[in-house]
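Enquirer: Below you'll find the structure I mean.
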Amino acid sequence: MTTYRESVAEGIAREMRRDDTVVCLGEDIGAAGGVFKTTVGLFDEFGPERVWDTPISEQAIVGAAMGAAMTGMRPVAEIMFSDFLACCWDYLANEIPKVRYMTGGQVTVPLVVRTANGGGLGFGAQHSQSVENWALTVPGLKIAAPSTPADVVGLMATAIRSDDPVVFFEHKGLFASKGAPAPDGHVVPFGQAALLREGTDVTIVGLASTVPLALTAADRLAEQGVQADVVDLRTLLPLDVSSVLRSVERTSRLVVVEENPYQGGWGATVVSVVAEEGFALLDAPMRRVAGANVPLPFADALEDQVIPTVDKVVDTVKALVDY
Amino acid sequence: MTDATTTTTGTDAAKLLRRHETMAVIRRTEKAAHDLFMSGLVKGTTHLAAGQEAVAVGARGALRDGDYAFATYRGHHHAIAWGATAEECLAELMSKATGSCKGKGGSMHLTKAASGMLGSYAIVGAHLPMAVGAAWSARLRATDQVAVAFFGDGATNIGAFHESLNLAAVWKLPVLFVCENNLYMEYTPIGTVTAAANPAADRAPSYGIPAELVDGNDVVAVEDAVARAAERARAGDGPTVLEARTYRHYGHSRTDPASYRPEGELERWLERDPLTVSANQLRALGTSDDDIRAAEESAAATVEAAVDAAKAAPGADLAEAFTDVWADGGAEWRT
């Protein structure tokens, strides 16, 4: 068994070993190993010419990664907390996703922006957000958000080898979680959701932290006679709605569990596609268990009120099955 | 900080005549862009660089093939200096299939990546970190390339400028920051909104970066200054800030009549028109008026043919709306 946290460094290291153009940059990622210890060992193995500590300059970090990506490198930039993406949002919204298109395909931007995302750790309103939906609002970005250690490695391989820009969300609440290590050469393609549990009564779709939450909820529901399909999207873009539709075809019910806020959350895109293309498959309204439309509070008890929990998923599914 | 002195000593007249002709191509292209806009054949907006040609042409003249350039939405002169043809630029402005960006970029995003001109960016200051990154990449790949970021005076008050100077200095990167100080941040005199008299050059020393003020209307002075900065960069001595004082002949953008300019200011700057300056330098080097006129006529003919070709070209291919989002050429977002 290995941890999600160790798998981040392992996934990056595997790609750095096979491709000299892969370089890392970010705050405290060198000798310090990252504030979340997700880059431990990289500086020792690859040295200061491949692992670069930066000042607290999010625009320079991501902008320099972009310039390097346009000129033959494959940079992996770390933005410490995903909340800080707002400090360099111009690059994620206006520059990186658009430059290939607006130049008529003259340039490519093969870079990865990694960032620690999500709540549940009591970091308060400016260090706890799930902002994967921010990235989903911008055509031109690929988005990965793994839920297991093996997927961290496999999706990281695809992200770094991708000739397209990738925003890679590592969930803070999962760093200590354990799972089977990735086998050698493990690569998980983008746009292929994982069906983690099969049931006939309801489809529960999750991403990153909401996947273990959905699995726990499914266990509890099974004790009460409700069998759930659990689908881990793994990437938001490409979005594997085909897998969701195939599951709903068998279960006729859909619950989406997303940590980002209900307003503008990615679940809205999933259910809108199912509404447009799979309405006839449904026997009940679709439901979204999402972050509340409030800033993230600090106190544990308050935070539980506003982010998805196992109880909320179980209650939502039960209400749906009884519909 | 040192004041660059203009010197034509040792300048090769034939080389300068080529610079003069390239500047004339840019000038004619900008005039054509303006006229085509007025006749309804260019939509959106344009930010014309007439008057600022010497900065782009002088810089390109001092650099090598393969050196990188990053420009702004006022970037027609940089694109042409880096080898874009007047035809592909004007066709892009006219939404034609033959435009340099296939009609997907427009005036503000002219690009000539094949020769290292990696784009024109319309978010002020955003491209400075990219130039830093390209210089970082050149160092990592040990290629001896340099990167240059061209930007306006207005960009010196945005965070990306300061983050870029700091990182470039700390990492000692081969990057040149070339400010085209045309005195106006859009419609506002730069001095009224900036704490430093020379908005780029005065900030550089606080980052430990050498800076030079240069006459931005003198292509020889620009070329000399950029050559010095590039030599420093290639020697591993890090970045340089150049502040080129220049002037745009048109307003900020198509809709700006520039009525905020004090009376007589434009006229005074027209006396120092970069093309007048270089013509005088050519005469001083012994180039005949006939040769100068021939270069200008050649430029005029080039742009005239470019206008005709762009007008005759087919409109943007409708299928292109859905290409080039991803590296595989497509735009697929779901299964």
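Enquirer: Residues of the stretch B:64-80 being out of contact with any Phe, Trp or Tyr (no Cβ under 8 Å at 6 or more places or on another chain) and surrounded by fewer than 24 Cβ atoms within 10 Å (Cβ to Cβ), which ones?
Expert: The answer is B:ARG64, B:ASP65, B:GLY66.
Enquirer: If I ask for residues that are hydroxyl-bearing (Ser, Thr, Tyr), more than 22 Å from the chain's Cα centre (by Cα) and assigned to a loop (DSSP other than H, G, I, E, B), which ones from the stretch B:184-211 would you list? Outline the logic, then answer.
Expert: At the first step, the residues of the stretch B:184-211 found to be hydroxyl-bearing (Ser, Thr, Tyr) are B:184, B:187-188, B:192, B:194, B:206-207.
Cutting the leftovers down to more than 22 Å from the chain's Cα centre (by Cα) gives us B:192, B:194, B:206-207.
Within the stretch B:184-211, just B:THR194 meets the criteria.
Enquirer: Let me ask another. Please work out if B:TRP136 is over 14 Å from the mean Cα position of the chain (by Cα) and of a type outside the set (Gly, Ala, Ser).
Expert: Working: over 14 Å from the mean Cα position of the chain (by Cα): yes; of a type outside the set (Gly, Ala, Ser): yes.
Yes: the conditions hold for B:TRP136.
Enquirer: Follow-up. Report whether or not A:ALA9 is surrounded by fewer than 18 Cβ atoms within 10 Å (Cβ to Cβ) and either among the aliphatic types (A, V, I, L, M) or part of a helix (DSSP H, G or I) (or both).
Expert: Values: surrounded by fewer than 18 Cβ atoms within 10 Å (Cβ to Cβ): no; either among the aliphatic types (A, V, I, L, M) or part of a helix (DSSP H, G or I) (or both): yes.
In short, no.
Enquirer: Identify, from the list A:VAL248, A:VAL313, the residue that is in contact (Cβ under 8 Å) with a residue 60 or more places away in the chain and among the hydrophobic types (A, V, I, L, M, F, W, C).
Expert: Values: A:VAL248 fails: in contact (Cβ under 8 Å) with a residue 60 or more places away in the chain.
Residue meeting the stated conditions: A:VAL313.
Enquirer: Quick check: is even one residue across the stretch A:39-51 out of contact with any Ser or Thr (no Cβ under 7 Å at 6 or more places or on another chain), more than 8 Å from chain B (Cβ to nearest Cβ) and among the basic types (Lys, Arg)?
Expert: Within the stretch A:39-51 (the criterion being out of contact with any Ser or Thr (no Cβ under 7 Å at 6 or more places or on another chain), more than 8 Å from chain B (Cβ to nearest Cβ) and among the basic types (Lys, Arg)), the answer is yes, since at least one residue qualifies.
Enquirer: Out of the stretch B:250-280, which residues are under 22 Å from B:GLU21 (Cβ atoms), touching a residue at least 60 places away in the same chain (Cβ under 8 Å) and in a loop (DSSP other than H, G, I, E, B)?
Expert: Passing the criteria: B:TYR250, B:ASP273.
Enquirer: Okay, next question. Determine whether the stretch B:285-294 contains at least one residue that is in a helix (DSSP H, G or I), at pLDDT 95 or above and among the small types (Gly, Ala, Ser). Step through it out loud before you land on a result.
Expert: Applying the first criterion (in a helix (DSSP H, G or I)) to the stretch B:285-294 yields B:289-294.
Restricting the remaining residues to those that are at pLDDT 95 or above gives B:289-294.
Keeping just the survivors that are among the small types (Gly, Ala, Ser) gives B:294.
Yes: one or more hits.
Each row is one residue, and each column tells you yes or no for (1) within 14 Å of chain B (Cβ to nearest Cβ); (2) without any contact (Cβ under 8 Å) to a residue 24 or more places away in the chain; (3) polar (S, T, N, Q); (4) within 26 Å of A:HIS171 (Cα to Cα).
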| residue | (1), (2), (3), (4) |
| --- | --- |
| A:LEU237 | yes, no, no, yes |
| A:VAL244 | yes, no, no, yes |
| A:VAL270 | yes, no, no, yes |
| A:VAL274 | yes, no, no, no |
| A:ALA284 | no, no, no, no |
| A:ASP300 | no, no, no, yes |
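Enquirer: All but one of (1) surrounded by fewer than 22 Cβ atoms within 10 Å (Cβ to Cβ); (2) within 20 Å of B:THR323 (Cα to Cα) hold for A:GLN126; state the number of the condition that does not hold.
Expert: Just one mismatch for A:GLN126, condition (2).
Enquirer: If you take the residues in the stretch B:285-303 that are touching a residue at least 12 places away in the same chain (Cβ under 8 Å) and of a type in the set (D, E, K, R), which one is farthest from B:HIS34 (Cα to Cα)?
Expert: Residues of the stretch B:285-303 touching a residue at least 12 places away in the same chain (Cβ under 8 Å): B:285-287, B:291-292, B:295-296, B:298-300, B:302-303.
Those still in the list that are of a type in the set (D, E, K, R) too: B:291, B:296.
Details: B:ASP291: 28, B:GLU296: 19 Å.
Applying the filter and picking the extreme gives B:ASP291.
Enquirer: Can you work out which of the residues in the stretch B:22-63 that are buried (at least 24 other Cβ atoms within 10 Å of the Cβ) and among the basic types (Lys, Arg) is farthest from B:THR302 (Cα to Cα)?
Expert: B:ARG60
Enquirer: Right, next: Please specify each residue of the stretch A:35-65 satisfying the condition of being farther than 24 Å from A:ALA176 by Cα, aromatic (Phe, Trp, Tyr) and not in a helix (DSSP H, G or I).
Expert: A:TRP52
Enquirer: Tell me which residues, restricted to the stretch A:87-122, are among the hydrophobic types (A, V, I, L, M, F, W, C), surrounded by fewer than 21 Cβ atoms within 10 Å (Cβ to Cβ), farther than 14 Å from B:PRO129 by Cα and touching a residue at least 40 places away in the same chain (Cβ under 8 Å).
Expert: Residues satisfying the conditions are A:ALA93, A:LEU121.
Enquirer: Can you tell me which residue in the stretch A:1-44 is nearest to A:ALA159 (Cα to Cα), limited to those that are of a type in the set (Ser, Thr, Tyr) and under 21 Å from the mean Cα position of the chain (by Cα)?
Expert: A:SER7
Enquirer: Just checking, which of B:ALA131, B:ALA168 is more than 7 Å from chain A (Cβ to nearest Cβ), under 21 Å from B:PRO199 (Cβ atoms) and either in contact (Cβ under 8 Å) with a residue 12 or more places away in the chain or crowded, with 21+ Cβ neighbours inside 10 Å (or both)? Explain how you work it out, then say what you get.
Expert: Working: B:ALA131 fails: more than 7 Å from chain A (Cβ to nearest Cβ).
Of B:ALA131, B:ALA168, the one residue that is more than 7 Å from chain A (Cβ to nearest Cβ), under 21 Å from B:PRO199 (Cβ atoms) and either in contact (Cβ under 8 Å) with a residue 12 or more places away in the chain or crowded, with 21+ Cβ neighbours inside 10 Å (or both) is B:ALA168.
Enquirer: Can you pull out every residue in the stretch A:148-206 that is within 26 Å of B:TRP326 (Cβ to Cβ), out of contact with any Ser or Thr (no Cβ under 9 Å at 6 or more places or on another chain) and among the charged types (D, E, K, R)?
Expert: If the condition is that a residue be within 26 Å of B:TRP326 (Cβ to Cβ), out of contact with any Ser or Thr (no Cβ under 9 Å at 6 or more places or on another chain) and among the charged types (D, E, K, R), then A:ARG161 is the only one that fits.
Enquirer: Mind telling me which of the residues A:LEU196, A:LEU215, A:LEU233, A:LEU254 ends up being buried (at least 17 other Cβ atoms within 10 Å of the Cβ) and within 14 Å of another protein chain (Cβ to nearest Cβ)? Lay out the reasoning, then the answer.
Expert: On the way: A:LEU196 fails: within 14 Å of another protein chain (Cβ to nearest Cβ); A:LEU215 fails: within 14 Å of another protein chain (Cβ to nearest Cβ); A:LEU254 fails: within 14 Å of another protein chain (Cβ to nearest Cβ).
Selected residue: A:LEU233, the only one of A:LEU196, A:LEU215, A:LEU233, A:LEU254 that is buried (at least 17 other Cβ atoms within 10 Å of the Cβ) and within 14 Å of another protein chain (Cβ to nearest Cβ).
The values are calculated or read from the model by the stated rules, or taken from the named source; none is laboratory data. Fair warning: this is a prediction, and the values are worked out from it, not measured in the lab. Positions of Cβ are generated from backbone atoms using ideal geometry, with glycine treated the same way; all protein chains shown enter the neighbour counts.
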